[in-house]
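Since the structure comes first, as structure tokens, the remarks are kept for the end.
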Amino acid sequence: MDLYSPDPGHLWNRVHDQLMVRTVAGVVVDDPLDPPFRMGEGRASPEQAVALLREFSADRKALAAMGPLRRALMQRDLLALFHSTMARNPTPETQPLVEPLAKAIRHVALSAGEIAALPDNYDAASALPGAFTAFDAREPDRAFLPKGLLADDGAWLALEAGPNRPVAAPLHSFVFQGRSSFELRFRHPGGRKAGEAYLAELAAMPQPLVTENPKVPFEIIGRDNRNGPWLNPATPQFPVGTMWALVRRAILVDTQGNLVVSPLVESVQVRVYREVEFTEISPVRQAYFEWELSRRKLLSGSGFHQTEGRDLAYSQFLAGLGVGGPGDPTTPAATLCFSCHHAPGIFSVNSRSFPFSAGLPNPSALPPVFRVSSAKSISEASLKAAKQPGWEKLKSLEKRE
């Protein structure tokens, strides 16, 4: 392993190798974005991990040789392991890991200014020679990194879901223990003004819910509520060619112990709507694409890996629901999105349709009203909502130092 240094035996390489590398079916995978973090699935035992982390935190010389990007990347991985440990409640086996992990996270921390100055890995990847940056209807399966996706003044609108929904993708945020910020982005084929006009029309509809069964299967209209109320089938629909994207950014901890949404994009999921009205569910109604951060590519200047079927074996988000099954190399991993976003058009936008409403405190709640926002505003909302056990424990350990 030579991720952090050409020397495979370098301390930072050993930390990555022992804590992040996984072997599945005899195949060593050294760069999965979110490997299974349960202890026993890595190469180190809890005792070995504790010893390695203590060695890591005591070595200032190795730290001094690492630039901000490597430190951010290492902290991102240590935070993931820390959050996973806390989310499952530390066991007698894993409890000794908690404080060494927290100390290692502080050891590599950057200042808020250094975090803000980290490279924009998405723009770097989309600007590479030969990069595809636009959807081609003649080749609908050709993956692309949308041009201008992260610009707040362009065709891609950053959306908030109203004052009562601090994050627009709450299930994604919950699954990842609040350690990432998620931006919901929407692009109308008619451009920014057309997109704003559609959102205004959607917000102004007088009856978003109906109490009389519309005789449309809940799988089609996108709300898992068999007893009503139901989403109104007459909801204004966006046109064919509309795109939705979910951008995931890493949340880091600065030298003052504050949470900071970093410029580092961990993943991008894009859906292009090829049909918006239908009565039979099929994955061909949309084109799905997913890109994930690759540590190796990030450190070499590019950044992203297009997910494949085999990547589902490492998915930590509702793993196993992808068409074709997890780990099937013939199935695009992005079709995992189809499992939850299969309804027609706007009804598949779960940030509005609440497909899992049976688990909400008030299943009769009106759909949220989307508001045009900005990356900064969404980041601030994500940090306010970051109350998962991992963050709370990390803060308590900071106060004890």
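The values are calculated or read from the model by the stated rules, or taken from the named source; none is laboratory data. From a predicted model like this one, the values you see are computed outputs, not experimental measurements. When we count neighbours, we look across all protein chains shown, and the Cβ atoms used for this are built from the backbone with ideal geometry, even at glycine. SASA here: full protein model, heavy atoms, side chains in, ligands and nucleic acids out. Shrake-Rupley method; radii C 1.70, N 1.55, O 1.52, S 1.80 Å.
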- Query: How far is helix 46-58 tilted, in degrees, relative to the longest principal axis of the Cα atoms in the chain, given as a value from 0 to 90 rounded to the nearest 10?
  - Reply: 70 degrees
- Message: To test your reading of the geometry: what angle, between 0 and 90 degrees and rounded to tens, separates the Cα axis of helix 98-107 from the longest principal axis of the chain?
- Response: 90 degrees
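Suppose every Lys and Arg Cβ carries +1 and every Asp and Glu Cβ carries -1, with no other charges. What dipole size does the chain come out with about its Cα centre, to the nearest 20 debye?
The calculation lands at about 680 debye.
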- Query: Of Leu128, Leu63, Leu159, which is the most mobile in a GNM of the chain whose springs link Cα atoms less than 10 angstrom apart?
  - Reply: Leu128
- Item | Asp152 paired with Glu99, simple spin-label distance in nm, labels 7 Å along Cα-to-beta-carbon | 4.2 nm
- Can you sort Lys376, Lys393 by 1.4 Å-probe accessible area, starting with the largest? Lys376, Lys393
- For the chain, dividing by residue count, accessible area per residue (probe 1.4 Å) in Å² works out to 44 Å²
- Task: Taking the Cα centre of the range 124-241 as origin, work out the dipole magnitude from +1 charges on Lys and Arg Cβ and -1 charges on Asp and Glu Cβ, in debye rounded to 20.
- Result: 80 debye
- Can you send over the solvent-accessible area of Val261, 1.4 Å probe, protein chains only, in Å² to the nearest 10? 30 Å²
- Task: Pairs of Cα atoms under 8 Å, at least six residues apart: use those to get the relative contact order of the chain, whole percent.
- Result: 19 percent
- Item | Long-range amide H partners of Glu266 with built H, under 5 Å | Arg248, Arg249, Ala250
- Message: At 1.4 Å probe size, with the rest of the protein present, what percent of the exposed accessible area of the range 114-256 is carbon and sulfur atoms?
- Response: 54 percent
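What whole-number value in cubic angstrom gives the convex hull volume per residue for the C-alpha atoms of the range 96-137?
Working: hull volume 6.0 nm³, N = 42.
Enclosed volume per residue, from the Cα hull, is 142 Å³.
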- Message: Report the gain in length on full extension from Thr211 to Ala385: 0.36 nm times residue separation, minus Cα-Cα distance, nm rounded to one decimal.
- Response: 59.4 nm
- Note on the structure: Judged on accessible area alone, 1.4 Å probe, highest first, Asp141, Asp31 line up as Asp141, Asp31
- Relative to the longest principal axis of the chain, what angle (0 to 90°, nearest 10) does the C-alpha long axis of helix 375-384 take? 70 degrees
- Query: Relative contact order for the range 106-200 using alpha-carbon pairs under 8 Å, separation at least 6, rounded to a whole percent?
  - Reply: 18 percent
- Message: Could you work out the percent of alpha carbon pairs in the chain separated by over 31 Å, rounded to a whole number?
- Response: 39 percent
- Given the options Ala155, Ala124, Ala102, state which has the largest fluctuation in a GNM of the chain using a 10 Å cut-off (strictly under) for Cα springs. Ala124
- Assuming R0 = 56 Å, can you tell me the calculated FRET efficiency for the pair Ala200 and Thr23, based on Cβ-Cβ distance, to the nearest 0.05? 0.60
- Helix-only [θ]222 nm of the chain, DSSP H runs n ≥ 4, -39500 (n - 2.57) each, per residue, nearest 500: -8500 deg cm²/dmol
- Message: If I build a Gaussian network model for the chain, linking alpha-carbon pairs within less than 10 angstrom, which residue out of Lys215, Lys103, Lys387 has the largest mean-square fluctuation?
- Response: Lys215
- Task: Taking all protein chains together and a probe of 1.4 Å, list Leu69, Leu53 from the most accessible to the least accessible.
- Result: Leu69, Leu53
- Item | Ordering of 367-374, 187-194 by packing [mean C-beta count within 10 Å, highest first] | 367-374, 187-194
